[in-house]
Amino acid sequence: MKRHCIAAIVLWALFFQFQIAVEGLHVRADPIVIEIPVSDQVNIGSGLCFGSNVSMPEAYVDIGIVVEDGFCYIINVSCQFLLQTVTGQNFTTAFVYPSEWGLCSQPEAEFKSFGISINGSEIDFSVMEWADLLDTYDFDASDWLWLGSNQFAIFSLEMPPNSTLVVSVEADITLHSNAHNFTFAYCIGSARSWDGNTHQVIQMDLTNHANLLEHGFEPENYEDLMVENETETIRWEFLISELDDNYVTFWAAQYEVSTYKPDPFSNPLHIVLAVFFTIVLPIIIFSAYYIKTKD
């Protein structure tokens with residue numbers, strides 16, 4: 001009788017531990033999030049020209065990037081473009097609009113302000129997707145397919161013969177990044193759509209870069225003007241005809257990508273084996289020894 005009772009206790013203990021092991025998979029912990037190191041990227045930049053015989057001889061761009069805690073980036077872009085034409089005309093241009101991540105659908109950029117001015121007077125603009133741009137305006141897009149992931153701020157200009165205009169674009173943007181890498185790119189290649197050559201000066205001021213694991217700038221033929229306290233200033237100066245790059249880029253690695261190693265005891269079989277060897281088997285051995293000594 002004692003043997004039957006002990007055997008029943010052993011079987012009950014084994015079944016009870018197995019139930020805990022299996023049911024524990026559903027109630028013991030929240031799901032584990034495995035990171036996918038996707039690069040976040042946002043683009044902004046000088047526009048495509050849909051007119052003819054309109055030149056952009058000068059472009060001046062000042063970009064401020066402040067890295068805040070929690071991988072929040074405050075970006076201020078201030079641009080001035082000098083436009084000239086000999087032939088009087090009305091024409092349209094499209095400024096690359098920093099509406100959302102280039103490689104991720106979310107989150108959208110948070111605008112504190114975005115405005116376009118002509119000779120100091122602010123003008124209205126509309127926003128278009130690349131596909132809508134192709135449907136609306138008749139131009140050869142074969143050289144501009146690399147712009148296809150962007151949206152565009154569209155505005156029209158009226159220029160008398162032999163006139164000059166100064167187009168200013170001001171953007172104050174907040175971006176929140178949650179991936180391993182972050183990239184901010186200013187578009188320069190669209191300057192090739194204007195008549196003649198463009199002399200460009202671009203300066204980036206990066207603040208609080210100590211919050212980043214590592215960072216860099218492309219193309220690498222920039223001038224390292226100054227590193228003072230937490231601000232690093234980078235400057236490019238070039239003729240667009242002499243540069244093959246389509247973007248001037250700031251990139252950052254925000255943190256190490258951790259390698260997920262599964263808990264060996266998350267497997268039900270491993271749990272059952274561990275319970276068997278640490279609890280059940282000693283009970284069986286003890287029971288067999290006890291029965292033998294009683295007999």
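Details
- Verdict on residue 63 being within 16 Å of the chain's Cα centre (by Cα), modelled with pLDDT of 65 or more, in a strand (DSSP E or B) and within 21 Å of residue 252 (Cβ to Cβ): no
- Candidate set: segment 73-110, residues that are exposed (fewer than 14 other Cβ atoms within 10 Å of the Cβ) and either at positive phi or part of a strand (DSSP E or B) (or both); chosen: the one modelled with the highest pLDDT: 90
- If you go through segment 226-258 and pick out every residue that is among the aliphatic types (A, V, I, L, M), in contact with a helix residue (DSSP H, G or I) (Cβ under 9 Å, 6 or more places away or on another chain) and part of a loop (DSSP other than H, G, I, E, B), you end up with 1.
- Residue 267 being at positive phi and either at pLDDT 65 or above or surrounded by 12 or more Cβ atoms within 10 Å (Cβ to Cβ) (or both): no
- Beta carbons closer than 9 Å, at least 6 apart along the sequence or on distinct chains, pair a first residue in segment 43-60 that is charged (D, E, K, R) with a second that is modelled with pLDDT of 95 or more and outside any strand (DSSP E or B) for 58/198.
- Long-range neighbours under 6 Å by Cβ, at least six apart or interchain, first residue under 11 Å from residue 202 (Cβ atoms) within segment 234-248, second of a type in the set (A, V, I, L, M) and surrounded by fewer than 18 Cβ atoms within 10 Å (Cβ to Cβ): 235/225; 237/201
- Qualifying position, being buried (at least 16 other Cβ atoms within 10 Å of the Cβ), among the acidic types (Asp, Glu) and either at pLDDT below 90 or within 22 Å of the chain's Cα centre (by Cα) (or both), among 232, 228: 232
The values are calculated or read from the model by the stated rules, or taken from the named source; none is laboratory data. Keep in mind it's a predicted model, so treat the numbers as computed, not measured. Using ideal geometry, Cβ is built from the backbone for each residue, glycine included, and neighbour counts are taken over all protein chains shown.
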